[in-house]
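Only the coordinates and a few stated rules stand behind these numbers; no lab work does. All figures in this text were calculated on a predicted structure; none of them were measured in a lab. When we count neighbours, we look across all protein chains shown, and the Cβ atoms used for this are built from the backbone with ideal geometry, even at glycine.
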Amino acid sequence: MAGRLGIVFGLALGLLLALLPGTALGEPAADAAKHALWADVDFKISRLHGEIGFGELSPAVRDALHGVPRDQFVPERQRRHAFENRPLPIGFGQTISQPLIVAIMSELLAIEPGDSVFELGTGSGYQAAVLDALGARVYSVEIIPELAERARDTLDRLGHGGVETRVADGYFGWPQAAPFDAIIVTAATDHVPPPLLQQLKTGGRMVIPVGSRYSTQKLVYIAREPDGTLRTREILPVTFVPLTGGH
């Protein structure tokens, strides 16, 4: 009970600090807000054990999440909210995902250093940075040029220059870099794009939100078995912005 009360107190403190005037938190306030955020993520993951298949984050994923500064990937006016456990707008009708969902998707991908990973939807660049921190070779596609340029600048500035980015319709993947050990999709689609399935290695993993804006979306995990067959599992309900493009 004491641990749970500590989480609640930390969340309340983080929220109070986030509501203070200004566009960013001072260092002590930011540290408190970050502590509250990751305590909340850990607590929620422990409660979701039955749905997501694990009750805690691996040390590698935990270190990557703690080491990538989420506040640097959101517009300046949103930085005071960067350590709240919710999605935030980043412009052009897009969002940076909720930290809890970034944590779950990153854990499900089971990244090993050197893995080749395709990301559909660079967005702010935050998820790509987390994957890079896990030691992956990241190939990320964004369809909105302005977001792609902003994400590229942020990734370079924060030391994630190894992430490969391009402006394109991510529905078709990145054939020149395929096949991939893992694929992550950060926008909802009503079906799994066949080009992405074709670019998934044997033994590869994919996480993708499936559903439309006006229906229930489910985070889906797909694995290609050694015999080439696909194993699919629904993880939990989610809410993502819809995938855009000419498909």
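For the reader, a short list of remarks on this structure follows.
- Extension gain, residue 156 to residue 58: 0.36 nm times the residue separation minus the Cα-Cα distance gives 32.6 nm.
- Shown here for segment 202-247: chymotrypsin sites (Phe, Trp or Tyr not before Pro) in loop regions (DSSP other than H, G, I, E, B) with at most 11 other Cβ atoms within 10 Å, namely 214.
- Taking amide H positions as modeled 1.01 Å from N, with prolines and chain starts lacking one, the residues under 5 Å from residue 96 and 5 or more places away or on another chain are 88, 90.
- Distant-in-sequence amide contacts of residue 217, defined by a placed amide H-H separation under 5 Å and a gap of 5 or more residues or a different chain, comprise 238.
- Model label points for residue 76 and residue 247, set 7 angstrom from Cα along the Cα-to-Cβ axis, are 3.7 nm apart.
- Relative packing of peptides 135-141, 69-75 - highest average C-beta neighbours within 10 Å first: 135-141, 69-75
- Quotient of Cα Rg and 2.2 N^0.38 Å for segment 141-247, N being how many residues it contains: 1.13
- Cα-based Rg and Dmax for the chain, where Dmax is the largest Cα-Cα distance (Å): 17.5, 57
- Evaluating 6.51 cos²θ - 1.76 cosθ + 1.60 at θ = phi - 60° for every residue in segment 85-99, the Karplus couplings come out as 7, 7, x, 9, x, 10, x, 6, x, 10, 9, 8, 5, 4, x Hz, glycine and proline recorded as x.
- Using 0.36 nm per residue and subtracting the Cα-Cα separation, the extra length available between residue 234 and residue 213 on full extension is 5.8 nm.
- Modelled label positions at residue 51 and residue 112, each set 7 Å beyond Cα in the direction of Cβ, lie 3.0 nm from each other.
- By the count of other C-beta atoms within 10 Å, a proxy for reagent exposure, 160, 66, 35 are ordered fewest to most as 66, 35, 160.
- Highest average packing first - 38-50, 225-237, Cβ atoms within 10 Å: 38-50, 225-237
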